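The values are calculated or read from the model by the stated rules, or taken from the named source; none is laboratory data. All values reported here derive from a predicted model rather than from experimental measurement. FYI the Cβ positions are ideal-geometry reconstructions off the backbone, even for glycines, and counts take in every protein chain you see. In case anyone asks, the SASA skips ligands and DNA or RNA and just uses the protein heavy atoms, side chains included. Shrake-Rupley method; radii C 1.70, N 1.55, O 1.52, S 1.80 Å.
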Amino acid sequence: MSDSAPADEWPLFEVFVRGKRGLNHVHVGSLHAPDEEMALHSARNLYTRRNEGVSIWVVRASAITASSPDEKDPFFAPSGDKVYRHPTFYPIPDDVPHI
Amino acid sequence: MAMEPAAVRDRPTGQELTADFDARIAAHQRIEPRDWMPEGYRSTLVRQIAQHAHSEIIGMQPEGDWLTRAPSLRRKAILLAKVQDEAGHGLYLYAAAETLGVDRADLTQRLIEGRQKYSSIFNYPTLTFADVGVIGWLVDGAAICNQVPLCRSSFGPYARAMVRVCKEESFHQRQGYELLLQMMAGTPAQRTMVQDAVDRWWWPSLMMFGPPDADSPNTRQSMAWGIKRDTNDELRQKFVDMSVPQAVALGVTLPDPDLAWNAERGHHDFGAVDWAEFKRVVSGGGQCNAERVSRRRAAHEEGAWVREAAAAYAAKHQGTGQGDDR
């Protein structure tokens, strides 16, 4: 709710942690910090006290643009009616190997 | 996250929104922050999560009192890690509360003005180092009983915070029990100290589950919403059943003459909790209520200059960093 916070308050950051090499960064929570550098330090102290991560991203919550849950139907509709994008759409005889 | 509302389009009606919400709860799906939710659901969650967060933060104090008096470097390091975890738990929970549109600075203000409560357990004093062990064993044990079902809470951010908290609580309980085992293997004076701590903390630990179901008017609605998963009495019974064999293994007596196994019920029977004491402590009449809140207030006010300095530094270096939203 950083947008409504008074100017003397620290902005809200969202925190993403890569658990180990080979995995995506995953959203783990949020925190308030005066700037990016402090946000990164606080995120380390708050979200990785037990080796939970090898990499952290912090991003100002106000910089994220998200779809709205209200519009979920129209917004995701384009993928809903395209069953031919899935491999199971195509019947293949059982005796055809390796496909 | 605060986002612009979607451009005005065909808005669902209130009835459709309620039906959608109810269907999601019925299907045991999670509610996420930007979903529509009934006002009662939101305010119940804010109250519960804030109270939980405050408890974690205030909960640093009783044990924090022993940081400078820990009997060994090992115990001191463990206790420091534990108290730091409590701070972390408070922050996870404030973050979860903020997704509901409240502000954490405002919640802190409500705590130090006495407008929001925290768990009554932290209004009891920690008289000896055995209290540190008993808090880990019984108080954190009771907290685990309460919190494990909350990992399935219907509100996504709360459930996810609880998963993280529960993972860490297990360390808290085990370090406490191990500390007590060690003291029980010590001198007669140490064993007496452990028994004394158990005598003082047992009943307040049972009170942590809240009033009996008959006097808990919000329980039914909270359970219907999936905010709570078990009733207060169910959780209290579970905790008693778990603790009895642990007390036996430790070699201490739980201070309840009515405590006995009931084969018919498959549970332990136990004596009546002193609910008058609970009400007195919750409403400010405990031994340490005033001290806990005034210390929290002092920490908040004495730390103000640090928050201001960090904000001033960030403002001064605006533009030299990567991002800026002012």
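One table, with the values for the structure above:
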{"quantity": "Tally, over the range B:264-317, of residues that are of a type in the set (D, E) and either surrounded by fewer than 13 Cβ atoms within 10 Å (Cβ to Cβ) or touching a Lys or Arg at 6+ places or on another chain (Cβ under 6 Å) (or both)", "calculated": "4"}
{"quantity": "Residue within the range B:121-143 that is at pLDDT below 95 and surrounded by fewer than 21 Cβ atoms within 10 Å (Cβ to Cβ) present", "calculated": "no"}
{"quantity": "Qualifying residues in the range B:119-136 (those that are farther than 21 Å from B:D230 by Cβ and not in a helix (DSSP H, G or I)) - the one nearest to the chain's Cα centre (by Cα)", "calculated": "B:Y124"}
{"quantity": "Selection from the range B:25-51 of residues that are without any contact (Cβ under 8 Å) to a residue 60 or more places away in the chain, open to solvent by 30 Å² or more (accessible area, probe 1.4 Å) and assigned to a helix (DSSP H, G or I)", "calculated": "B:A26, B:E39, B:R42, B:S43"}
{"quantity": "Number of the exception - B:E16 against (1) within 13 Å of another protein chain (Cβ to nearest Cβ); (2) loosely packed, with under 14 Cβ neighbours inside 10 Å; (3) not in a helix (DSSP H, G or I)", "calculated": "(3)"}
{"quantity": "Search result, residues across the range A:20-38 that are over 29 Å from B:A310 (Cα atoms) and either touching a Cys at 6+ places or on another chain (Cβ under 8 Å) or not polar (S, T, N, Q) (or both)", "calculated": "A:K20, A:R21, A:G22, A:L23"}
{"quantity": "Residues being under 18 Å from B:A95 (Cβ atoms), within 12 Å of chain A (Cβ to nearest Cβ) and either aromatic (F, W, Y) or not in a helix (DSSP H, G or I) (or both) - total across the range B:137-173", "calculated": "1"}
{"quantity": "Unique residue being out of contact with any strand residue (DSSP E or B) (no Cβ under 9 Å at 6 or more places or on another chain) and within 13 Å of chain A (Cβ to nearest Cβ) when the list is B:D65, B:D35", "calculated": "B:D35"}
{"quantity": "The range B:207-236, residues that are among the small types (G, A, S), outside any loop (DSSP other than H, G, I, E, B) and closer than 27 Å to B:Q29 by Cβ", "calculated": "B:S222, B:A224"}
{"quantity": "Residue selected from the range B:82-100 under the condition facing another protein chain (nearest Cβ under 10 Å) and either free of Cβ contacts under 8 Å to residues at least 60 places away in the same chain or β-branched (V, I, T) (or both), by the criterion nearest to B:G133 (Cα to Cα)", "calculated": "B:Q84"}
{"quantity": "Single residue of the range A:34-58 satisfying the filter (aliphatic (A, V, I, L, M) and more than 8 Å from every other protein chain (Cβ to nearest Cβ)) that is nearest to B:A159 (Cα to Cα)", "calculated": "A:A43"}
{"quantity": "Every pair of residues 6+ apart whose Cβ atoms lie under 8 Å, when the first sits in the range B:169-195 and is touching a residue at least 60 places away in the same chain (Cβ under 8 Å) while the second is open to solvent by 70 Å² or more (accessible area, probe 1.4 Å)", "calculated": "B:M184/B:R191"}
{"quantity": "Residue among B:E98, B:E63, B:E113 that is in contact with a Lys or Arg (Cβ under 9 Å, 6 or more places away or on another chain) and within 26 Å of B:R191 (Cβ to Cβ)", "calculated": "B:E63"}
{"quantity": "Test set (1) away from chain A (no Cβ under 14 Å); (2) over 23 Å from B:S153 (Cβ atoms); (3) not hydrophobic (A, V, I, L, M, F, W, C) - B:Q109 fails condition number", "calculated": "(1)"}
{"quantity": "Subset of the range B:194-232 (residues that are of a type in the set (D, E, K, R), surrounded by fewer than 21 Cβ atoms within 10 Å (Cβ to Cβ) and in contact with a helix residue (DSSP H, G or I) (Cβ under 8 Å, 6 or more places away or on another chain))", "calculated": "B:D196, B:R200, B:D213, B:D215, B:R229, B:D230"}
{"quantity": "Residues of the range B:71-101 satisfying the condition of being over 13 Å from B:M60 (Cα atoms) and either under 17 Å from the mean Cα position of the chain (by Cα) or buried (at least 19 other Cβ atoms within 10 Å of the Cβ) (or both)", "calculated": "B:R75, B:I78, B:Y92, B:L93, B:Y94, B:A95, B:A96, B:A97, B:E98, B:T99, B:L100"}
